[in-house]
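Worksheet: one structure, shown below.
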Amino acid sequence: MTYREAIETGTKILEKENIADARLDAWYLLQMACRIDRNFYYLHEEEELTVEQQSAYEITLHKRAEHVPLQYITGEQEFMGLKFKVNSNVLIPRQDTETLVEEALKVVKPGMKVLDLCTGSGCIIISLARNVADIQCVGSDISKQALLVAKDNAKQNEVEVEWQRSNLFENIVGTFDLIVSNPPYIATGEIPGLMPEVRDFEPMDALDGKEDGLHFYRIIIEKSPEFLNPGGYLYFEIGYDQGEAVPAMMRQAGFTEVEVIRDLAGLDRVVKGRK
């Protein structure tokens, strides 16, 4: 099998299993399995794969055909221009979440102390630390396995973050100028209808927002004033259909300057407010 034939074969296998972007995924898997780049491919596309390369490629294709997310196979995802390691213990960082980071960057200044609740891969707090010098960063998660991934990502991206295993605020000490969170926000009843890549492979604890999807927002909104400095900010990522409920809860809790920000697709994505 030549490199060109490998792409064609891989694309057909993935298309048969209704994989979106089948050709692009086939390319990424070939690139990883054979350790090549596009320049090599175009210079050698009629050359044959080695036995080892073909075997490695077929293994990754089989996984993707079973709807294992591409990022869990390649082991990484780009976010805010940075590379993050990912595995099945953390949600895959998504472009939607970059909206949260971009909004937070408008208020974060050197000397501030920032807390990221439900940090997962650490992509939010690490991106903030990479973009603003001299901020004190804390990332927390209930999952020990997620924090191991986050620690690796902080080291890889050369930033200092204090990691704390905590069920929301349970083990958090001190006060902060900004609290950011992308909590679980999918209503339990909606989970069976998710894409198989998400439903069957991403960590359920990081997805399930309980009966109405608002469970974790309620707790964070209620407790966060105790952990925010005067004038401190609370920023959330929200689901596209939560742009009324979450701001209403924040206003009811006494937050001011409450605002909803839309993502690049025009969907409600971030809610921010101030103590």
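The values are calculated or read from the model by the stated rules, or taken from the named source; none is laboratory data. Since this is a predicted model, take the numbers as computed values, not measurements. With ideal geometry, Cβ positions are generated from the backbone for all residues, glycine too; neighbour counts draw on all protein chains shown.
Tabulated data for the structure shown
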{"item": "Phe169 being at pLDDT 95 or above, among the aromatic types (Phe, Trp, Tyr), over 17 Å from the mean Cα position of the chain (by Cα) and surrounded by fewer than 19 Cβ atoms within 10 Å (Cβ to Cβ)", "result": "yes"}
{"item": "Elements of type helices (runs of 4 or more DSSP H) contained in the stretch 4-82, each with 2 or more residues being buried (at least 17 other Cβ atoms within 10 Å of the Cβ)", "result": "22-34, 51-65, 70-74"}
{"item": "Members of the stretch 102-123 that are buried (at least 18 other Cβ atoms within 10 Å of the Cβ) and either assigned to a strand (DSSP E or B) or touching a residue at least 60 places away in the same chain (Cβ under 8 Å) (or both)", "result": "Glu103, Ala104, Val108, Met112, Val114, Leu115, Asp116, Leu117, Cys118, Gly120"}
{"item": "Number of the exception - Ile92 against (1) under 11 Å from the mean Cα position of the chain (by Cα); (2) surrounded by 24 or more Cβ atoms within 10 Å (Cβ to Cβ)", "result": "(2)"}
{"item": "Restricting the stretch 211-238 to residues that are surrounded by fewer than 19 Cβ atoms within 10 Å (Cβ to Cβ) and outside any helix (DSSP H, G or I), the residue that is modelled with the lowest pLDDT", "result": "Glu211"}
{"item": "Test for Glu102: is it in the same structural domain as Val260 (by TED's automatic domain parsing), in contact with a strand residue (DSSP E or B) (Cβ under 8 Å, 6 or more places away or on another chain), of a type in the set (Asp, Glu) and modelled with pLDDT of 95 or more", "result": "no"}
{"item": "Members of the stretch 112-140 found to be in contact with a strand residue (DSSP E or B) (Cβ under 6 Å, 6 or more places away or on another chain) and polar (S, T, N, Q), listed by number", "result": "Thr119, Ser121, Gln136, Ser140"}
{"item": "Meets criteria (in contact with a strand residue (DSSP E or B) (Cβ under 6 Å, 6 or more places away or on another chain) and not polar (S, T, N, Q)) for Phe216", "result": "no"}
